[in-house]
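Notes for the one structure printed next.
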Amino acid sequence: MSHNIPVMDPRQARSRARLHEAVLRLAAEQPIAELSMTAVAAAAGVHRSTVYQHAGSVDELLQQALGAELDQLRTGLPAPGAPPAEAARAVTAVTRGVLEHVARHAGLYRAGLAAGDADHGLRGMLGRHFLESGRLLREVSGVAPSLDVPGQPQAAVAEVAARFIADGTVGVIAAWLDRPELSVDDLLEIYVRLLPDWWPRDLTAGE
């Protein structure tokens, strides 16, 4: 499944790709608080003013770089009308991709999730990513909680459920980063069993 991605001028796209590569490399080598836009520009081989055309701070650029990798994974979400078993496999495969992404950047996420709150930093970025993925699944594949809460509108139930999945997933990832002995397969096997029955999940994942 695809979703709309803003079209960027080829030259801008090349600059952004170099900036993303540079900030990810530098942030893996030193604390993000010690990085400057000048250092990122030098590492990317672009003028300092070019950096500000793409982001207002190093932290914003880092979130942008990590978010771009996550957004690419969404192309694996199920197509409209996919059978339930196929949708479950697709969503679980995308989840595996997300966990592999986090594992590649474990140091960045470990520091970022410890420092940020629910709405800011890498914690906020991840939460927004999962909320958007949930919205796409709801609109394209009809994924929604099969819950009947007396006296509560279904829209409110769906909104609360979406935040439950999104923020809960961020919490699972934060806990995982404190348990380095758990592999991607280990966590995936735990995670799919924590999810509610109405969420597409492949219970054979991680086995």
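Derivation of every value follows stated rules applied to the coordinates shown; laboratory data play no part. Fair warning: this is a prediction, and the values are worked out from it, not measured in the lab. FYI the Cβ positions are ideal-geometry reconstructions off the backbone, even for glycines, and counts take in every protein chain you see.
Numbers for the structure displayed
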| read-out | value |
| --- | --- |
| Gain upon complete extension [residue 25, residue 106; 0.36 nm per residue less C-alpha separation] | 27.9 nm |
| Area projected by the alpha carbon convex hull of region 10-58, averaged over all directions, nm² | 2.9 |
| The chain: most fluctuating residue of 65, 156, 43 per GNM, C-alpha cutoff 10 Å | 156 |
| Quotient of Cα Rg and 2.2 N^0.38 Å for region 77-194, N being how many residues it contains | 1.12 |
| Most fluctuating residue given options 83, 153, 145, as computed from a GNM of the chain linking Cα atoms under 10 Å | 153 |
| Length-normalised contact order for the chain - Cα pairs under 8 Å, 6+ apart - percent | 19 |
| Hydrodynamic radius by Kirkwood, which averages 1/r over all alpha carbon pairs of the chain, in angstrom | 18.4 |
| Rounded to 10°, Cα long-axis angle of helix 84-104 versus longest principal axis of the chain | 30 |
| Relative contact order of region 1-111, pairs being alpha-carbon contacts under 8 Å that are 6 or more residues apart, as % | 29 |
| Assigned charges on the beta-carbon of Lys, Arg, Asp, Glu; the chain dipole about Cα centre (debye) | 600 |
| Full-stretch length increase - residue 13, residue 60 - with 0.36 nm per residue and alpha-carbon distance subtracted | 15.2 nm |
| Relative contact order (%) - criterion: Cα under 8 Å, at least six apart; region: region 10-58 | 40 |
| Backbone HN-Hα couplings from phi across region 156-161 [Karplus 6.51/-1.76/1.60, Hz, Gly and Pro as x] | 5, 4, 5, 5, 5, 5 |
| Gaussian network model of the chain, springs between alpha carbon atoms under 10 Å - residue of 163, 11, 193 with greatest fluctuation | 11 |
| Proximal charge balance of residue 17 [Cβ under 13 Å; K/R count +1, D/E count -1] | +2 |
| Local net charge near residue 187, Cβ-Cβ under 10 Å (Lys/Arg +1, Asp/Glu -1) | -1 |
| Phi to ³J(HN,Hα) by Karplus 6.51 cos²θ - 1.76 cosθ + 1.60 over region 177-182, Hz, x for Gly, Pro | 5, 8, 10, x, 6, 8 |
| Linear extension gain, residue 69 paired with residue 158, 0.36 nm per residue minus alpha-carbon span | 29.3 nm |
| Estimated Rh, region 1-108: Kirkwood, alpha-carbon pairs, angstrom | 15.4 |
| Cα long-axis angle, helix 58-73 against the chain (0 to 90 degrees, to the nearest 10) | 40 |
